[in-house]
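Here the structure comes first, spelled out in structure tokens, and everything after it is commentary.
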Amino acid sequence: MNTLLLKDTPADTAQAGAIIRDGGLVALPTETVYGLGANALNAEAVARIFAVKGRPADNPLIVHIAHVKDITPAIAKMDHRAHQLADAFWPGPLTLVLPRGDALPDITTAGLDSVGVRMPAHPAALAVIRAAGVPVAAPSANRSGTPSPTSAQHCIEDLWGRVDAILDGGDCAVGIESTVLSLLDAQPVVLRPGAVTAEAIRWVLGSPVSISPGVLAPVSGEAQTVSPGVKYRHYAPGVPLTLVRGDREAFAHYVNSLPAGSGALVFEGETEDLSVPALTYGRCDDPESQAERLFDALRRLDSLGVSRVYARAPQSEGLGLGIYNRLLRAASFEVIDLAKNQGGGPDRPDRCG
Ligand code: TXA
Ligand code: MG
């Protein structure tokens with residue numbers, strides 16, 4: 001099909017909104033990653049999202065709104081906690097999982113009784129949703145399994161000729177997907193860590209928040225049903241990846257002694273330590289810069305021409321937990337802990353310097 005390339009202008013966001021309202025698919029920028037938007041109330045349009053992405057039918061979509069009052073057709077009820085969190089973090093990178101409303105077709109929620117809702121912060125996303133006049137279902141605008149797109153170029157690589165339009169709103173400021181927080185039970189649970197941290201959520205609610213076991217380890221059975229996204233291979237780079245926990249020196253020592261055909265993913269300024277081909281993802285002590293660069297780096301690993309890439313693990317607190325989680329999944333949970341292997345070492349195996 002013919003794909004339109006739209007810009008972040010009032011005329012083009014209005015056109016994108018009209019395409020979505022009329023049942024079409026538009027890749028649009030958000031502050032986290034690009035989303036592939038369709039009318040969340042239109043089962044046929046949503047079915048096209050699943051087909052174009054090659055997404056398993058049991059993985060539900062996030063519904064995007066531009067005003068809290070527009071949440072009504074999507075959800076059944078918004079409790080006090082949801083209002084507190086929406087006041088604190090919307091528009092922004094937080095998705096709230098709430099009881100679903102009757103107006104949503106089953107396909108949008110993958111048949112679950114709940115729905116993830118968020119109000120994105122990118123002005124173009126808000127303009128498109130307003131122009132559409134309907135809640136917009138939007139998963140990340142990548143083909144299923146590949147790293148989420150953080151630029152219009154990434155969307156073009158994955159979706160050109162498969163969607164009605166791609167709206168270029170520049171590079172995504174955050175770079176990893178939103179925090180997904182379930183409010184279905186008495187205690188909120190982070191199902192996917194992102195830029196709105198568990199600490200920040202705890203602070204706003206003034207009560208405990210737990211982190212789903214699926215964030216740091218492969219899960220099976222019941223836990224998969226609660227958080228369907230966790231069971232699929234995600235962020236898979238073209239080259240197999242291993243995550244390595246260790247400081248700059250230990251990492252360089254380890255990677256430089258690997259057989260030929262190995263490559264590395266490290267922080268800026270660290271490639272000079274290495275005798276293998278390497279790419280970088282942000283600065284060691286700056287998780288914002290890591291989040292911003294990560295998916296683009298994962299998409300470019302092929303260019304190293306190696307058969308396995310060893311990635312230096314980020315620190316895993318705050319926003320770092322989201323970055324660590326994406327890398328862990330990209331590495332299919334394969335982790336080497338140098339501090340542990342070497343019997344001691346630095347107390348912060350992932351420290352900078
Ligand atoms: O930042 C983001 O969230 C981006 C932008 C476009 O908004 N969207 C995004 O969508 O990352 P997607 O489809 O790639 O990831 C949605 C995640 C999946 O892991 C899915 O399983 C989970 O949210 N999810 C959606 N609805 C859910 C529900 N009702 N219960 C549990 N998890 C849900
Ligand atoms: Mg995704």
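The values are calculated or read from the model by the stated rules, or taken from the named source; none is laboratory data. All figures in this text were calculated on a predicted structure; none of them were measured in a lab. So basically every Cβ, Gly included, is an ideal-geometry build from the backbone, and we count neighbours across all protein chains shown. The protein model used for the area step is the full one, side chains on, heavy atoms only, and it has no ligands, DNA or RNA in it. Shrake-Rupley method; radii C 1.70, N 1.55, O 1.52, S 1.80 Å.
Here are a few things to note about the model shown:
- Scan the range 31-46 for residues that are touching a Gly at 6+ places or on another chain (Cβ under 8 Å) and either modelled with pLDDT under 95 or surrounded by fewer than 23 Cβ atoms within 10 Å (Cβ to Cβ) (or both) and the total you get is 3.
- Taking the criterion of being among the aromatic types (Phe, Trp, Tyr) and either open to solvent by 20 Å² or more (accessible area, probe 1.4 Å) or part of a loop (DSSP other than H, G, I, E, B) (or both), the only residue of the range 274-301 that qualifies is 281.
- Among residues of the range 129-149 that are on the phi > 0 side of the Ramachandran plot, those with a Cβ under 8 angstrom from a residue that is open to solvent by 10 Å² or more (accessible area, probe 1.4 Å) and within 9 Å of ligand 1 (Cβ to nearest atom), sequence gap 6+ or separate chain, pair up as 145/232; 145/234.
- Of the set (1) over 24 Å from residue 96 (Cβ atoms); (2) away from ligand 1 (no atom under 14 Å from the Cβ), all apply to residue 133 but (1).
- Pair list, Cβ under 7 Å, 6 or more apart: the range 235-250 residue of a type in the set (Asp, Glu), other residue open to solvent by less than 30 Å² (accessible area, probe 1.4 Å): 247/349
Residues are listed down the side, and each one gets a yes or a no for (1) within 27 Å of residue 150 (Cβ to Cβ); (2) open to solvent by 30 Å² or more (accessible area, probe 1.4 Å):
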| position | (1), (2) |
| --- | --- |
| 173 | yes, yes |
| 178 | yes, no |
| 182 | yes, no |
| 195 | yes, yes |
| 201 | yes, no |
| 206 | no, yes |
| 217 | yes, yes |
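- Those residues of the range 171-218 which are in contact (Cβ under 8 Å) with a residue 60 or more places away in the chain, within 12 Å of ligand 1 (Cβ to nearest atom) and outside any loop (DSSP other than H, G, I, E, B), in sequence order: 179, 180, 181, 182, 191, 192, 215
- Filter result (of a type in the set (S, T, N, Q), in a helix (DSSP H, G or I) and open to solvent by 50 Å² or more (accessible area, probe 1.4 Å)) within the range 70-126: 84
- All positions within the range 47-66 that are crowded, with 24+ Cβ neighbours inside 10 Å and more than 17 Å from the chain's Cα centre (by Cα): 65
- Matching residues in the range 140-161 - criterion: being surrounded by 24 or more Cβ atoms within 10 Å (Cβ to Cβ) and not aliphatic (A, V, I, L, M): 140, 142, 147, 148, 149, 150, 154, 155, 158
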